[in-house]
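Comments concern the structure below.
The values are calculated or read from the model by the stated rules, or taken from the named source; none is laboratory data. This is a predicted model, so every value here is computed, not measured. Heads up, the Cβs are rebuilt from the backbone with ideal geometry, glycines too, and the neighbour counts pull from every protein chain shown.
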Amino acid sequence: MRENYTLIRLYIDTALKLGGEIILDKPHIHYLLTVLRKSQGDRIRVFNGKDGEWAADITRLSRKAGALKITKSLRAAQICPDIWLCFAPVKKHRNAFIVEKATELGVRHLQPVVTQRTQFPKINLERLNAQMIEASEQTERLDIPSLGPINTLNDMLDQWDMGRTLIFADEASSDINAETQTTKPALNALKTIQETDGPCALLIGPEGGFTPSEREHILAHTFVKAVTLGPRILRADTAALALLTLWQSAQGDWG
């Protein structure tokens, strides 16, 4: 087991360097003092998403004030593979699930996309960002995924970087037809991902799927590759995690 692995780990939005002092804000003071029952002299781990991970000693901690001193470098900075997840917002708790699990699975960027069948187009980006930070703290990530502003499907496609392949989870593909179930959709999807070089993104539709016109518009772009995930129609959050798992297995840092 890695040294200091069992120490509490916090995301701190400030520069980190040996000997530096960190003045804690009220949420961190409350968390350390009231939730974790920490006190002056205890050691924790801190990271900021860009300067690696550091050991820090609590030098002051009361209800009114708190401070840390950086004492040792533990791990150098490291970012997750360049994979994006583009997803249509769903219900509040399901959005939280997508963001949390995608962070755990190592996504680098999350992009909310409003489609014609999106039932819940408004999401709390600040809350989702906090959930990404919490998931990163708990899963030993050294970086934090970025979260893009809400965009429409058409605008996203029109503004797309042609150098980034978009893997489209296409539930309307003929591979789902009962007559073709002798094929292995997941293996076909894995093969497609394995043959994709360079930056990549995954596109998951809303509850109810994409409309026929949206599907046609998506498939008309040369940077799009369509895959299927099996004979059953998956929920949006399930499809997101299934496709991200396939990508991490074939092109990510699981190998």
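Restricted to region 228-255, and to residues there that are closer than 16 Å to Arg164 by Cα and touching a helix residue (DSSP H, G or I) at 6+ places or on another chain (Cβ under 7 Å), the residue that is surrounded by the fewest Cβ atoms within 10 Å (Cβ to Cβ) is Gln251. Number of residues in region 192-213 that are of a type outside the set (D, E, K, R) and assigned to a loop (DSSP other than H, G, I, E, B): the value is 9.
Look at Asp51 and say whether it is part of a loop (DSSP other than H, G, I, E, B), modelled with pLDDT of 95 or more, surrounded by 13 or more Cβ atoms within 10 Å (Cβ to Cβ) and not hydroxyl-bearing (Ser, Thr, Tyr).
Yes.
Any chance region 235-246 includes a residue that's assigned to a loop (DSSP other than H, G, I, E, B) and within 24 Å of Arg94 (Cα to Cα)? Yes, some residue in region 235-246 is assigned to a loop (DSSP other than H, G, I, E, B) and within 24 Å of Arg94 (Cα to Cα).
Residue under question is Gln248, and the condition is that it be touching a Gly at 6+ places or on another chain (Cβ under 9 Å) and farther than 20 Å from Arg117 by Cα; does it hold?
Values: touching a Gly at 6+ places or on another chain (Cβ under 9 Å): yes; farther than 20 Å from Arg117 by Cα: yes.
Answer is yes for this residue.
Within region 59-74, if we keep just the residues that are polar (S, T, N, Q) and in contact (Cβ under 8 Å) with a residue 40 or more places away in the chain, the residue that is nearest to Phe47 (Cα to Cα) turns out to be Ser73. The listed residues are Pro212, Pro145, Pro206, and the only one of them that is touching a His at 6+ places or on another chain (Cβ under 7 Å) and of a type outside the set (Gly, Ala, Ser) turns out to be Pro145. Restricted to helices (runs of 4 or more DSSP H) entirely inside region 59-169, those with at least 2 residues that are assigned by TED's automatic domain parsing to the domain that holds Arg235 and farther than 18 Å from Leu203 by Cβ are 92-104, 125-138.
In this structure, is Glu195 of a type in the set (Asp, Glu), under 22 Å from Gln111 (Cβ atoms), in the same structural domain as Leu110 (by TED's automatic domain parsing) and without any contact (Cβ under 8 Å) to a residue 12 or more places away in the chain?
Details: of a type in the set (Asp, Glu): yes; under 22 Å from Gln111 (Cβ atoms): no; in the same structural domain as Leu110 (by TED's automatic domain parsing): yes; without any contact (Cβ under 8 Å) to a residue 12 or more places away in the chain: yes.
The answer is no for Glu195.
Which condition number does Ala96 fail, the rest of (1) at pLDDT below 95; (2) surrounded by fewer than 17 Cβ atoms within 10 Å (Cβ to Cβ) being met? For Ala96, the exception is condition (2). Within region 58-95, the set of residues being touching an Asp or Glu at 6+ places or on another chain (Cβ under 6 Å) and charged (D, E, K, R) comprises Lys69, Arg75, Arg94.
Here Ala189 meets each of (1) in contact with a Leu (Cβ under 6 Å, 6 or more places away or on another chain); (2) part of a helix (DSSP H, G or I); (3) at pLDDT 95 or above with one exception, condition (3).
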